[in-house]
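Visitor: Sharing a structure here in C-alpha cells format.
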C-alpha cells in the first residue's frame, strides 16, 4: 500500500491518520520523539505493511511485474493499489483535501523526514493523481529519479494498462480482505 491507501485505512483520528500516512519516514522502534497519536499511526502503518507483504493476492500480483521490476515489484504493486483505491473511492477529493489540510494544521508534529516530502506531495497532488494513468506515471518517474534511475518505475504503468483486468480483480479481493481485518 502507498500513501493514499494508508490514509484511508486509518481510524477517524487526524493525528493517527498522519502517522499512518508518514510511517515510511519513521525508522527503528524508538518513538519517544513522536507525538503519541502519530506513533499510534506509525504502528498501524507497519501492521498494514506486514499484512500486505504477506498476503497471497499481493504475491500473485507481484508475479505479473517481477520479470521487469525484480526487487522493485513491491513498490510497483503498492502504487498500483493506490491507483485502484483512487479510482474506486467515492469521495476522493474531499478525502485528499482532509489529508492535506490536516497535515498543514499539524505540520509541527509530523515526523521530520516526512516534513521534507509533504510539500512535494501536496504540490504535485500525489493523492489525487494516482487514479489517472499519466498522473501515476509522473509520480513513478519522480520515484525513479529519486532512487537514482535504478528501475524504470514509470514504465510499470504500461503493464498496469495491459494487465488492468487481472490486477483490478486481485486488488478488489485483497481490498475486501483488508477492510474486513480493520488493522487498527
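The values are calculated or read from the model by the stated rules, or taken from the named source; none is laboratory data. Computed from a predicted model, the values in this text were never measured in an experiment. Note: ideal-geometry Cβ built from the backbone for every residue, glycine included; neighbour counts use all protein chains shown.
Visitor: Tell me which of these residue 47 doesn't satisfy, since it passes every other one: (1) modelled with pLDDT of 95 or more; (2) surrounded by fewer than 23 Cβ atoms within 10 Å (Cβ to Cβ); (3) in contact with a helix residue (DSSP H, G or I) (Cβ under 7 Å, 6 or more places away or on another chain).
Guide: Answer for residue 47: the failing condition is (3).
Visitor: Do the conditions hold for residue 150, that is, is it in contact with a helix residue (DSSP H, G or I) (Cβ under 9 Å, 6 or more places away or on another chain), touching a residue at least 12 places away in the same chain (Cβ under 8 Å) and assigned to a loop (DSSP other than H, G, I, E, B)?
Guide: Yes, satisfied.
Visitor: Let me ask something else about it. Test residue 79 against the stated conditions and say whether it is at pLDDT 95 or above, surrounded by 17 or more Cβ atoms within 10 Å (Cβ to Cβ) and more than 20 Å from residue 140 (Cβ to Cβ).
Guide: no
Visitor: Moving on to the next point. For residue 39, only one of the following conditions fails: (1) closer than 25 Å to residue 147 by Cβ; (2) surrounded by 14 or more Cβ atoms within 10 Å (Cβ to Cβ); (3) without any contact (Cβ under 8 Å) to a residue 60 or more places away in the chain. What is its number?
Guide: Of (1) closer than 25 Å to residue 147 by Cβ; (2) surrounded by 14 or more Cβ atoms within 10 Å (Cβ to Cβ); (3) without any contact (Cβ under 8 Å) to a residue 60 or more places away in the chain, only one is false for residue 39: (1).
Visitor: Right, another one. If the requirement is being touching a residue at least 24 places away in the same chain (Cβ under 8 Å), touching a helix residue (DSSP H, G or I) at 6+ places or on another chain (Cβ under 7 Å), in a helix (DSSP H, G or I) and over 24 Å from residue 135 (Cβ atoms), which of these qualifies: 58, 65, 16?
Guide: Going through 58, 65, 16 in turn, the sole match is 16.
Visitor: Can you name the number of the only condition in (1) assigned to a helix (DSSP H, G or I); (2) touching a residue at least 24 places away in the same chain (Cβ under 8 Å); (3) in contact with a helix residue (DSSP H, G or I) (Cβ under 8 Å, 6 or more places away or on another chain); (4) over 22 Å from residue 27 (Cβ atoms) that residue 121 fails?
Guide: (4)
Visitor: Also, quick follow-up: Tell me yes or no: at least one residue of the range 135-151 is under 17 Å from the mean Cα position of the chain (by Cα), farther than 26 Å from residue 46 by Cβ and surrounded by 17 or more Cβ atoms within 10 Å (Cβ to Cβ).
Guide: Within the range 135-151, one or more residues are under 17 Å from the mean Cα position of the chain (by Cα), farther than 26 Å from residue 46 by Cβ and surrounded by 17 or more Cβ atoms within 10 Å (Cβ to Cβ).
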